[in-house]
Amino acid sequence: MSETEQSADGAAAPGEMSLIEHLTELRNRIGVIMIGFIAIFLICFIRPYGSGTQNIADAVYIFLQAPLADILLERGGRMIFTGLHEGFFTQVKVSFFVAISITFPLILLQVWKFVAPGLYKTEKRAVMPFLMATPLLFILGAAMVYYIVIPLAWDFFLSFEVAGSEGALPIEVEPRISEYLSLVMRLMFAFGVSFELPVILLLLVRAGILTADDLAGKRKYAILLAFIAAAILTPPDVISQVLLAVPVIILYELSIVCARFMAKPSEPDAD
């Protein structure tokens, strides 16, 4: 047996990693991710010493509820929590949300460091643009929710308030902090993941599983699935559903265009 072949007892050839070494490397990468996540979570959750001081979770929550606060403060509205534990778990949710958002690039980096040694240079060049586009597209989707979708959706929902009159009580909204936070995070996550569609489709095209013609031929099914997903992931109002479905359809069309550019002409047969 040559030195470049694997030995009979399963040991790795020179320059290669054994299965145990791969598992050890994977454990180390996961450990780095967990340490980073826990450290960021604690930094966000722990409240500085002193009464009335805010932690990072408080600041992030104020940022997340700002679109609703801009509307409710004009009407003298407020937010409430109805359980003694609700305020505490809201802090936990916000800290978790911040920690996973900041850790996401670290996760991608560790995945890349684990996979990259086994790739050729051409494969590394092919994967790198997708790796860089993933967090950018997620941020773009989350930003669209915060600055466009949420203000429009909140105006729509608050339009159902009824002013009091003689013999009738007013109907006013007093949102619970836990329900509001869950809705906002679900919207941001849904839009962020949906905006990853080009990355997924173009990776499948690069791998040869799909072609631009396949994507174009399934366009009508993609449009239908976009509206079905929007109906499931967003609140039950037409505005937010359309605002999710339309960008996803546009991203699908852009994926078709990019897939056509990625298609390489067939090479002539060798003499």
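Placing unit charges on the Cβ atoms of the charged side chains and taking the dipole of the chain about its Cα centre, the candidate lying farthest along the positive direction among Ala133, Pro198, Ala230 is Ala133. Along the Cα→Cβ direction, 7 angstrom out, place labels at Glu161 and Met34. What is the inter-label distance in nm? Here the modelled spin labels are 4.7 nm apart. Only residues of the range 202-229 count here: report those whose backbone N is under 17 Å from the spot 7 Å along Cα→Cβ of Met262, or say none. From the range 202-229, the list is 202-219.
Once the Cα-Cα distance is subtracted from the 0.36 nm per residue extended length, the Ile46 to Tyr147 segment shows a gain of 33.5 nm. Net charge dipole, the chain: roughly 220 debye, given to the nearest 20, about the Cα centre with Cβ charges of +1 for Lys and Arg and -1 for Asp and Glu.
Between Ala231 and Glu25, the FRET efficiency estimated from the beta carbon spacing at R0 = 30 angstrom works out to 0.10. The structure shown yields volume of the Cα convex hull per residue in Å³, and of the options (i) 221; (ii) 200; (iii) 161 that calculated value carries the label (ii). The residues Val248, Val184, when put in order of fewest to most other Cβ atoms within 10 Å, stand as Val184, Val248.
Applying a DSSP loop filter and a limit of 13 other Cβ atoms within 10 Å to the GluC sites (Glu not before Pro) in the range 100-208 leaves Glu161, Glu166.
When only the Cβ of Lys, Arg, Asp and Glu is charged (+1, +1, -1, -1), the dipole of the range 131-271 relative to its Cα centre reaches about 340 debye. Two tests apply to each whole DSSP H helix in the chain, Cα reach of 15 Å or more along its axis and mean Kyte-Doolittle hydropathy of at least 1.6, and the ones passing both are 219-233, 238-262.
Readers should treat all values here as calculations from the given coordinates under stated rules, not as data from a laboratory. These figures come from a predicted structure and were not determined experimentally. A quick note on method: Cβ atoms are made from the backbone with ideal geometry, for glycine too, and the neighbour counts reach across all protein chains shown.
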